[in-house]
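Below: the structure, in structure tokens.
No lab work stands behind these numbers, since they all come straight from the coordinates. Quick caveat: nothing in here was measured; it's all calculated off a predicted structure. Ideal geometry is used to build each Cβ from the backbone, glycine not excepted, and the neighbour counts take in all protein chains shown.
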């Protein structure tokens, strides 16, 4: 078989445009497209629920802002650890508070879920006056769509890929100095997340899953984080301190979400189907059904 068919040579610059004074990167562009997709998904769903436009805006702003904030916070908390000369671990973000505002530290996708769930709780209790799980069941698909799109930014940045592989879809990340094909783990995650979006949409449209509080959230959380847990086995650790762990940090942070997914599925199956959605009365205000 010709070498060309044994692997994929990926020699793509991380910049769409790189000028003398400014540059446009693939990473930021793809993430912005993912954020737009979040809004579009929420707008479609809330329109199907016959709710006013501001519901979409409020849920989008709260969940997006908190998701972005905790995405950075989680990275600082769990990934910015370095081994000192005496073998002890140190996290400079604890002793230097200004480091929390240094966006160069990176982002941890597990924080997106925490921020999104917190945002769903706030808007459900303070704005919509409805069940938090009602909001989450309809927000989770946007989170998965964001994951499916934004993960492609890692491919264009030639980052966060797996160990070498002899599979025909292995990528040689030339821009990053690689000479052997490696697992394009970001593509694996993106494809599986896209499948999860399709499954969510089928359950929402064709079944009574949305009538059971937490079922859509639980199933979607499992479809997002269980594959992520196993895909991590294909990746080198991101930080040296993780080499001493049985599971890497990404896997350990995935476990709580997997447990929550299982709990929500069991809860939704064992409880009576009850709709607790925001309903608009004649005065334009909301009340709980």
Item to complete: Give the residues of region 210-247 whose amide nitrogen is closer than 14 Å to a point set 7 Å from the Cα of residue 198 in the direction of its Cβ.
Response: none
Fill in: Angle between the chain longest axis and helix 109-123 axis [Cα atoms, degrees, rounded to 10]
20
Practice prompt. Note down the nm distance, to one decimal, between modelled labels 7 Å out along Cα→Cβ at residue 127 and at residue 206.
Written response: 3.2
Worksheet item: Taking other Cβ within 10 Å of each residue's Cβ, how do 205, 189 sort, fewest first?
Response: 205, 189
Item to complete: Express the relative contact order of the chain as a whole percentage, based on alpha carbon pairs under 8 Å and six or more residues apart in sequence.
Response: 21
Practice prompt. Let me have the relative contact order for region 163-236, percent, based on Cα pairs under 8 Å that are six or more residues apart.
Written response: 29
Response to the item:
In the list [x] 0.96; [y] 1.36; [z] 1.10, the entry giving Cα Rg over 2.2 N^0.38 Å computed from the coordinates is [z]
Worksheet entry | Computed helical MRE - 222 nm, the chain, DSSP H runs ≥ 4 contributing -39500 (n - 2.57), nearest 500 | -18000 deg cm²/dmol
Item to complete: Just the number, please: percent antiparallel of the DSSP beta bridges in the chain, rounded to the nearest 5.
Response: 75
Discussion item. 7 Å from Cα along Cα→Cβ at both residue 32 and residue 226: what's the point-to-point distance in nm?
Written reply: 3.7
Discussion item. Testing the spin-label approximation: label points 7 Å from Cα along Cα→Cβ at residue 65 and residue 252. State their distance in nm.
Written reply: 3.2
Worksheet item: Going by alpha carbons, how many degrees (0 to 90, nearest 10) lie between the helix axis of 132-150 and the longest principal axis of the chain?
Response: 30
Fill in: Tilt relative to the chain, helix 249-270 - C-alpha long axis, 0 to 90 degrees, to 10
20
Worksheet item: For 131, 142, 220, what's the fewest-to-most ordering of other Cβ within 10 Å of each Cβ?
Response: 131, 220, 142
Practice prompt. Please find the FRET efficiency linking residue 24 to residue 271, where r is the Cβ-Cβ separation and R0 is fixed at 35 Å, and quote it to the nearest 0.05.
Written response: 0.10
Item to complete: May I ask you to sort 163, 55 by Cβ crowding, counting other Cβ atoms within 10 Å and putting the fewest first?
Response: 163, 55
